[in-house]
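Enquirer: Questions regarding the structure given below will be posed in turn.
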Amino acid sequence: MSKTADQLASQPARPPAPLQTESFRNSRTEIVGGDTPEPPFPIIMSGVVQKGFGRGGKDLGCPTANLPDESLLPMSSVTSTGVYFGYAQVLPKTENKALLGEHLKVWPMVMSMGFNPFYSNKELSAEVHIMHDYGTDFYGHEMKVVVLGYIRPELDYTSREALILDIDMDKRVAIRSLDRPAYEKYSTAIPDVLNA
Ligand SMILES: Cc1cc2nc3c(=O)[nH]c(=O)nc-3n(C[C@H](O)[C@H](O)[C@H](O)COP(=O)(O)O)c2cc1C
């Protein structure tokens, strides 16, 4: 079995991430996972959104919200690094009225958990791209995420354009994979805890 993200994070030297290749991209399918979420999914994570390096929005046209380190544990202790899909919801602090209406709904998301080899990050992080235009950042708000499946391993890239192409494909894969009856029940509300 491959090492969990936590095991990789505690290793003094990590193996380098595989390099993205054209043949890998051409072999990708638009639907991943089973017709129902497969164990260990669903996994719920929540926490106050942290400021990342800000490169997601600026460099990649794909803004991401970072979860605090302690929120990673439900995922990082049982899954490895990689790209995952599911749903996310932003829950505003009551004193802040900046987010209202449809911004408070549950939206599809893609999440990259790992060391971002393209940017050579040293620390494990989880970055969530919510497929909804909030028109503003939401640092300091609570974010709740339900992870429903695995898309692909974390890869290294020789160009930013190649990473952007793969992220676009990740988003299509997430939308297509969520469009199945057993996934739909998470599309309107994310439970705080999962009933067995
Ligand atoms: C869906 C998705 C997939 C990603 N896949 C990779 C990847 O395979 N390799 C990688 O180095 N970074 C990957 N990234 C991470 C981006 O590099 C990361 O979001 C970027 O470093 C922005 O982080 P920052 O805003 O904290 O700077 C992915 C991000 C997203 C949203």
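The values are calculated or read from the model by the stated rules, or taken from the named source; none is laboratory data. Here the structure is a predicted model, which means the values were calculated and not measured. Note that we place each Cβ from the backbone using ideal geometry, even for glycine, and neighbour counts take in every protein chain shown.
Enquirer: Within the stretch 4-18, identify whether any single residue is surrounded by 19 or more Cβ atoms within 10 Å (Cβ to Cβ), polar (S, T, N, Q) and not in a loop (DSSP other than H, G, I, E, B), and answer yes or no.
Expert: Checking the stretch 4-18: not a single residue is surrounded by 19 or more Cβ atoms within 10 Å (Cβ to Cβ), polar (S, T, N, Q) and not in a loop (DSSP other than H, G, I, E, B).
Enquirer: Here's a follow-up. Any idea how many residues of the stretch 19-30 are part of a loop (DSSP other than H, G, I, E, B) and surrounded by 14 or more Cβ atoms within 10 Å (Cβ to Cβ)?
Expert: The qualifying residues number 2.
Enquirer: List pairs: first in the stretch 69-83 and in a loop (DSSP other than H, G, I, E, B), second of a type in the set (D, E, K, R), Cβ under 7 Å, 6+ apart or cross-chain?
Expert: Correct list of pairs: S77/D6; S80/K3; T81/E154.
Enquirer: Taking the criterion of being of a type in the set (V, I, T), within 22 Å of V193 (Cβ to Cβ) and either more than 13 Å from the ligand (Cβ to nearest atom) or modelled with pLDDT of 95 or more (or both), would at least one residue in the stretch 19-42 satisfy it?
Expert: Checked against the condition, which is being of a type in the set (V, I, T), within 22 Å of V193 (Cβ to Cβ) and either more than 13 Å from the ligand (Cβ to nearest atom) or modelled with pLDDT of 95 or more (or both), the stretch 19-42 yields at least one hit.
Enquirer: Is it fair to say S2 is out of contact with any strand residue (DSSP E or B) (no Cβ under 6 Å at 6 or more places or on another chain), touching a residue at least 12 places away in the same chain (Cβ under 8 Å), hydroxyl-bearing (S, T, Y) and farther than 21 Å from M109 by Cβ?
Expert: Yes; evaluated as a whole, the condition is true for this residue.
Enquirer: Within the stretch 171-186, identify whether any single residue is in a strand (DSSP E or B) and closer than 30 Å to A17 by Cα, and answer yes or no.
Expert: no
Enquirer: Name the one entry in R180, R152, R160 that is over 23 Å from L91 (Cβ atoms) and away from the ligand (no atom under 11 Å from the Cβ).
Expert: Going through R180, R152, R160 in turn, the sole match is R180.
Enquirer: Taking the stretch 133-168, which residues are surrounded by fewer than 16 Cβ atoms within 10 Å (Cβ to Cβ) and within 16 Å of the chain's Cα centre (by Cα)?
Expert: Of everything in the stretch 133-168, those that are surrounded by fewer than 16 Cβ atoms within 10 Å (Cβ to Cβ) and within 16 Å of the chain's Cα centre (by Cα) turn out to be E142, P153, I164, D168.
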